[in-house]
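The values are calculated or read from the model by the stated rules, or taken from the named source; none is laboratory data. Quick caveat, the model's predicted, so the values are computed rather than measured. In this analysis, Cβ positions are derived from the backbone assuming ideal geometry, glycine residues included, and neighbour counts consider all displayed protein chains. Just the protein is used for accessible areas: all its heavy atoms, side chains included, with ligands, DNA and RNA removed. Shrake-Rupley method; radii C 1.70, N 1.55, O 1.52, S 1.80 Å.
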Amino acid sequence: MSLNSYGHLFRVTTWGESHGPALGATVDGCPPGIPVDEAFLQTWLDKRRPGQNKNTTQRNEPDAVQILSGVFDGQTTGTPVQLMIENTDQRSRDYGDIAQTFRPGHADITYHLKYGIRDYRGGGRSSARETAARVAAGGLARAALAKLAPQIELRGYMTRMGEMVLDRAGFDWDAIDRNDFWLPDAQAAPDWEAYLQKLRKEKNSVGAEIEVVARNVPPGLGAPIYGKLDTDLAAAMMSINAVKGVEVGEGMAAATLTGTQNADEIFMGPNGPEYASNHAGGILGGISTGQDIVVRFAVKPTSSILTPRRSIRMDGSPAEVITKGRHDPCVGIRAVPVGEAMMACVILDHLLLHRGQVGDGPRGVIG
């Protein structure tokens, strides 16, 4: 059974392991005539690339993407686009000590129980390194959106890292790209860095929360019941390595609201319906409203830490595990561009589905 693909019309299959020779993505269903080249895709991979600052893993991968098929004369041809990223800085020797031991918090034990074999070198397929392929595919989705729906904007940023919480009163879109934490509050970044470095010196790690927003998405994307836009967004974000929770709009906080607080009131504006609030996160009944689509996901703390943790070996005997190697003290930092990529793929997929079923734009007219 192959379960390494996602998407309906814009369909992405990722392949490869953390310490294999390469990894990548095969993208089927990309419309023809989309201008794209390796330099454009590299823009997004560089946002996720490891080893760029002291707050992320020091594995030094260039993450240089190669387009092997599906593009001719700078445009997509409508045939499958094959994207490849070579691994150049593996240190498989760092994992020799855990070849017979299950690391707490990792998928080692579940892969072994399911398949009877596992690639212990950096986690193999379960490694967050797999997300580089998603970002490459997301770059292709962005290129398609730039042509088909150029008004759409996608931005991701961190809203929490352990005890550090974003103060939305100081929210600044322009600050996101100016600090290591994709934080929309440049003044708070030094405090976040000091907090993370303290944890790193203590041989510990920390979780995070990331918010991804899609602005200017047209109304009408998504379908009732099993084709809901938020269903696919939740699945896409949940599939990212280390993600343990996903919210759309108010999410779990909706359980604390009353009906009068939660229902977004509707008014007629000069260009169509307008809403007094956005508790729904831009989606009602699985269909986009035209408001900002807001998705959040929580990433667990990196399980690869130098603090000893109890576990067992493959023969069942007890063991104490210290995970060596180069790891992110907060994997949430590099998860931001991954969340953006997944949002891009899902929004494009639903745009294509919508056009295939009803054509351009919503069918209903108000006023």
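Condition test on D177, is it surrounded by fewer than 19 Cβ atoms within 10 Å (Cβ to Cβ) and free of Cβ contacts under 8 Å to residues at least 60 places away in the same chain?
When the stated conditions are applied, D177 passes them.
Determine whether segment 81-90 contains at least one residue that is over 21 Å from the mean Cα position of the chain (by Cα), at pLDDT below 90 and not in a loop (DSSP other than H, G, I, E, B). First the steps, then the outcome.
Keep residues of segment 81-90 that are over 21 Å from the mean Cα position of the chain (by Cα), which gives 88-90.
Still in the running and at pLDDT below 90: 88-90.
Still in the running and not in a loop (DSSP other than H, G, I, E, B): none.
No, segment 81-90 contains no residue that is over 21 Å from the mean Cα position of the chain (by Cα), at pLDDT below 90 and not in a loop (DSSP other than H, G, I, E, B).
Answer with yes or no whether I305 is more than 26 Å from K228 (Cα to Cα), touching a residue at least 12 places away in the same chain (Cβ under 8 Å), open to solvent by 10 Å² or more (accessible area, probe 1.4 Å) and not in a strand (DSSP E or B). Talk me through it step by step, then tell me what you get.
Working: more than 26 Å from K228 (Cα to Cα): yes; touching a residue at least 12 places away in the same chain (Cβ under 8 Å): yes; open to solvent by 10 Å² or more (accessible area, probe 1.4 Å): yes; not in a strand (DSSP E or B): yes.
Yes.
Given the options K201, K228, name the one that is open to solvent by less than 70 Å² (accessible area, probe 1.4 Å) and either of a type outside the set (A, V, I, L, M, F, W, C) or without any contact (Cβ under 8 Å) to a residue 24 or more places away in the chain (or both).
K228
Which of the residues belonging to segment 250-268 are small (G, A, S) and out of contact with any Lys or Arg (no Cβ under 9 Å at 6 or more places or on another chain)?
Passing the criteria: A253, A254, A255, G259, A263.
What are the residues in segment 180-198 that are among the aromatic types (F, W, Y) and either in contact (Cβ under 8 Å) with a residue 60 or more places away in the chain or not in a helix (DSSP H, G or I) (or both), if any?
Narrowing segment 180-198 to residues among the aromatic types (F, W, Y): 181-182, 192, 195.
Answer for segment 180-198, where residues must be among the aromatic types (F, W, Y) and either in contact (Cβ under 8 Å) with a residue 60 or more places away in the chain or not in a helix (DSSP H, G or I) (or both): F181, W182.
Identify, please: which residue in segment 222-264 is assigned to a loop (DSSP other than H, G, I, E, B) and among the polar types (S, T, N, Q) and is, among those, farthest from the chain's Cα centre (by Cα)?
Only one residue tops the list, namely T258.
If you go through segment 109-120 one residue at a time, do you hit one that is closer than 23 Å to P21 by Cα, open to solvent by 50 Å² or more (accessible area, probe 1.4 Å), more than 21 Å from the chain's Cα centre (by Cα) and of a type in the set (D, E, K, R)?
No: segment 109-120 contains no residue that is closer than 23 Å to P21 by Cα, open to solvent by 50 Å² or more (accessible area, probe 1.4 Å), more than 21 Å from the chain's Cα centre (by Cα) and of a type in the set (D, E, K, R).
Consider T131 against the criteria (1) in a helix (DSSP H, G or I); (2) polar (S, T, N, Q); (3) open to solvent by 60 Å² or more (accessible area, probe 1.4 Å): it satisfies all of them except one. Which criterion is unmet?
The single condition T131 does not satisfy is (3).
Considering segment 249-275 alone, what residues qualify as being farther than 25 Å from A298 by Cα and open to solvent by 100 Å² or more (accessible area, probe 1.4 Å)?
Scanning segment 249-275 gives T260, E265, I266, F267, M268, P270, N271.
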